[in-house]
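Working notes, structure below.
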Amino acid sequence: MSSGRFAGKVVLVTGAGSGIGRATALAFAKEGADLVVCDVDEAKLDDVSSAARAQGRRVLARKVDVSSAAAMQSFADEVHAAFPAIDVLVNNAGVAVTGGLRDTTLEDWNWVMGINVMGVVHGCHFFVPRMIDRGRGGHVVNIASAAGFAGSRLLLAYSTTKFAVVGFSEALRADLRRHRIGVTAICPGFIRTNINEASRRHGRFAEPAALERSRRLMERGASPDLVAEKIMNAVEHDQGLVPVTAEAHLIYALKRSAPDLLATIWRRLEAWQAPEL
Ligand SMILES: NC(=O)c1ccc[n+]([C@@H]2O[C@H](COP(=O)([O-])OP(=O)(O)OC[C@H]3O[C@@H](n4cnc5c(N)ncnc54)[C@H](O)[C@@H]3O)[C@@H](O)[C@H]2O)c1
């Protein structure tokens, strides 16, 4: 019998192979939860599954692309054959596209919208109805970003997807309240993960100097463990929108109280990131 803050719960984390997803899956496992995890990277998925099993947890791990409705449907069928419903759904899988309008192809738009927006919708569509039917409540955590409340010209498509996740989460929270299912949008600032390596960038954004600046920025980021802890707190205290890291709190506060000042600061940061533009 496990013990811990989430003992006896089943927690599903998408994109659990790396970064925030990995830290979150292992944090819930450490707190007693059994895991359902998916990722497109099978080797990383095996690694996180072994680490959770070593803690004595049950783990159901599958290679799944969250942007595919068919793959998510099969995944949900398998999960619901093993568990009546999951207790906590963490829609974490995400990718980034760097650049503005002329740097972003339509193929990039479809890719990033498919994973960051439809991936989150698919998670909810295929897993929340079972939570509702079971009638024991639950929680949905959607990983948005500070880029979900302050648009950046260097992250045009990414910002678009994260604004969508923030809006979706707010509306879904109102929708699911009567079923005692909480919904949280987690909005981290800079976190040290592999997201940069996996991101799409073209032309001047793919040049070594630009990559190096981006790498330096991410290096200063916070640990994914911090995000994992904030996620667990948000579930326990049913928080709606949670900025994570000092810069995310600052951006959130300035956006509401001093948007012009935020725009000036943002322009400076963008000029440092892309001085040639
Ligand atoms: N790192 C940051 O600074 C930061 C800040 C704010 C928000 N976020 C968000 O946090 C989430 C996790 O990102 P991360 O920083 O840990 O990045 P990461 O690249 O380290 O991890 C993302 C994981 O998602 C998986 N993945 C990618 N596409 C997938 C798909 N189609 N289906 C299933 N899995 C897929 C990857 O294989 C990887 O294991 C993302 O939604 C990201 O937008 C990150």
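Please tell me if A174 is more than 19 Å from G19 (Cα to Cα), of a type in the set (G, A, S), open to solvent by less than 50 Å² (accessible area, probe 1.4 Å) and modelled with pLDDT of 95 or more. Here the answer is no, as A174 does not meet what is asked. Note on segment 204-225: among residues that are at pLDDT 95 or above and either of a type in the set (D, E) or closer than 16 Å to N142 by Cα (or both), the one that is farthest from the chain's Cα centre (by Cα) is D225. The condition (being more than 9 Å from the ligand (Cβ to nearest atom), in a helix (DSSP H, G or I) and either closer than 21 Å to F205 by Cα or open to solvent by less than 50 Å² (accessible area, probe 1.4 Å) (or both)) is satisfied by just one residue among N110, N116: N110.
The single condition among (1) open to solvent by less than 10 Å² (accessible area, probe 1.4 Å); (2) in contact with a helix residue (DSSP H, G or I) (Cβ under 6 Å, 6 or more places away or on another chain) that G15 does not meet is (1).
Of note, V90 satisfies the criterion of being within 16 Å of the ligand (Cβ to nearest atom), closer than 21 Å to R136 by Cβ and in contact with a helix residue (DSSP H, G or I) (Cβ under 8 Å, 6 or more places away or on another chain). Within the option set S74, S67, being near the ligand (Cβ under 10 Å from one of its atoms), open to solvent by 40 Å² or more (accessible area, probe 1.4 Å) and among the hydroxyl-bearing types (S, T, Y) holds for one residue only, S67. A count restricted to segment 153-205 and to residues that are of a type in the set (A, V, I, L, M), under 17 Å from P243 (Cβ atoms) and either more than 12 Å from the ligand (Cβ to nearest atom) or not in a strand (DSSP E or B) (or both) stands at 3. A count restricted to segment 97-107 and to residues that are surrounded by 21 or more Cβ atoms within 10 Å (Cβ to Cβ) and among the aliphatic types (A, V, I, L, M) stands at 1.
None of G114, G135, G119 is on the phi > 0 side of the Ramachandran plot and either free of Cβ contacts under 8 Å to residues at least 60 places away in the same chain or in contact with a Gly (Cβ under 8 Å, 6 or more places away or on another chain) (or both) except G135. Please work out if A150 is of a type in the set (G, A, S), closer than 20 Å to R62 by Cα and not in a helix (DSSP H, G or I). No, not satisfied.
Contact annotation: no residue pair with Cβ atoms under 6 Å, 6 or more positions apart or on different chains, pairs a residue in segment 81-98 that is farther than 26 Å from F163 by Cα and among the basic types (K, R) with a partner that is part of a loop (DSSP other than H, G, I, E, B) and within 11 Å of the ligand (Cβ to nearest atom).
Here is a list: G4, G100. Which entry is more than 9 Å from the ligand (Cβ to nearest atom) and either basic (K, R) or over 25 Å from S199 (Cβ atoms) (or both)? Just a single option satisfies the conditions, and that option is G4.
Inside segment 119-149, residues that are more than 12 Å from the ligand (Cβ to nearest atom), within 18 Å of V227 (Cβ to Cβ) and either over 13 Å from the mean Cα position of the chain (by Cα) or of a type outside the set (A, V, I, L, M) (or both) make up a count of 1. What number of residues within segment 206-238 are in contact (Cβ under 8 Å) with a residue 40 or more places away in the chain, surrounded by fewer than 18 Cβ atoms within 10 Å (Cβ to Cβ) and away from the ligand (no atom under 12 Å from the Cβ)? Looking only at that region, the number is 4. Got at least one residue in segment 149-170 being farther than 29 Å from L261 by Cβ and in contact with a helix residue (DSSP H, G or I) (Cβ under 7 Å, 6 or more places away or on another chain)? No, the conditions are met nowhere in segment 149-170.
The values are calculated or read from the model by the stated rules, or taken from the named source; none is laboratory data. Only a predicted model underlies this, so the values are computations on that prediction, with no experimental measurement involved. Positions of Cβ are backbone-derived with ideal geometry, glycine not excepted, and every protein chain shown enters the neighbour counts. Keep in mind that these areas ignore ligands, DNA and RNA; they rest on the heavy atoms of the full protein, side chains included. Shrake-Rupley method; radii C 1.70, N 1.55, O 1.52, S 1.80 Å.
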